[in-house]
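In what follows, a structure is listed as structure tokens, so that the remarks can point back to it.
The values are calculated or read from the model by the stated rules, or taken from the named source; none is laboratory data. Quick caveat: nothing in here was measured; it's all calculated off a predicted structure. All Cβ positions, glycine included, derive from the backbone under ideal geometry; neighbour counts span all protein chains shown. For accessibility, only protein heavy atoms count, side chains too; no ligands or nucleic acids. Shrake-Rupley method; radii C 1.70, N 1.55, O 1.52, S 1.80 Å.
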Amino acid sequence: MSDNGIRIDEVESVPTPPRARVDLQDVSTLRESGPREDFERKKDYLAGFLKAEPPKLAGGEPGGDLYEAVVDALKEIYDPEIPVNIYELGLIYGIDVDEGHVTVSMTLTTPNCPVAESMPMEVEMRVGAVPGVGVAEVNLVWDPPWDSAKMSDEAKLELGML
């Protein structure tokens, strides 16, 4: 018995476990006779599940075509002082899509940001240029204030913060 309460047995060798045996005579008779006539296949419960189509998303829902196109447009806009797009930077707080009317809620890094006048207009222009968007509206909000915790991991990695 060791000092931690575990018993250790030392052995010289361990017997080899028996090998599985296959009777070749049985295998050859199965091959010759073919499948059994009385064999009944069990119902495959996954067949219906695997054939089912995923539900179609509306274009304005996250994962929908129009929503993703708006996100892609926002990922093309970069903060001039930081080499990361505004979506990954966490400046976009929300995207609402309703039958071609897109409302983007966003903030800036600080209220005194030098692009405070031009950035919302650029977002409105880029989102409005997405096919399927009729009206684009940008709401600039300051609550909650932006901080670095809102950045994605990709943005943090790009800026050397990870």
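Criterion first (open to solvent by 30 Å² or more (accessible area, probe 1.4 Å), part of a loop (DSSP other than H, G, I, E, B) and in contact with a strand residue (DSSP E or B) (Cβ under 8 Å, 6 or more places away or on another chain)) does E81 satisfy it?
Spelling it out, it is not the case that E81 is open to solvent by 30 Å² or more (accessible area, probe 1.4 Å), part of a loop (DSSP other than H, G, I, E, B) and in contact with a strand residue (DSSP E or B) (Cβ under 8 Å, 6 or more places away or on another chain).
Taking interchain pairs and intrachain pairs at least six residues apart, which have beta carbon atoms under 8 angstrom, with the first residue in the stretch 1-21 and part of a loop (DSSP other than H, G, I, E, B) and the second modelled with pLDDT of 85 or more and loosely packed, with under 10 Cβ neighbours inside 10 Å?
Sorted first by the residue in the stretch 1-21, then by its partner, the pairs are M1/R7.
Step by step: first the residues of the stretch 100-114, then only those that are modelled with pLDDT under 90 and open to solvent by 20 Å² or more (accessible area, probe 1.4 Å), then the one that is nearest to the chain's Cα centre (by Cα). Which residue is that?
Going through the qualifying residues, I end up with T109.
Okay, residues lined up against (1) surrounded by 14 or more Cβ atoms within 10 Å (Cβ to Cβ); (2) at pLDDT below 90; (3) assigned to a strand (DSSP E or B); (4) of a type in the set (V, I, T):
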{"position": "A116", "(1), (2), (3), (4)": "no, yes, no, no"}
{"position": "R126", "(1), (2), (3), (4)": "yes, no, no, no"}
{"position": "G132", "(1), (2), (3), (4)": "yes, yes, no, no"}
{"position": "A136", "(1), (2), (3), (4)": "yes, no, yes, no"}
{"position": "A149", "(1), (2), (3), (4)": "no, no, no, no"}
{"position": "G160", "(1), (2), (3), (4)": "no, yes, no, no"}
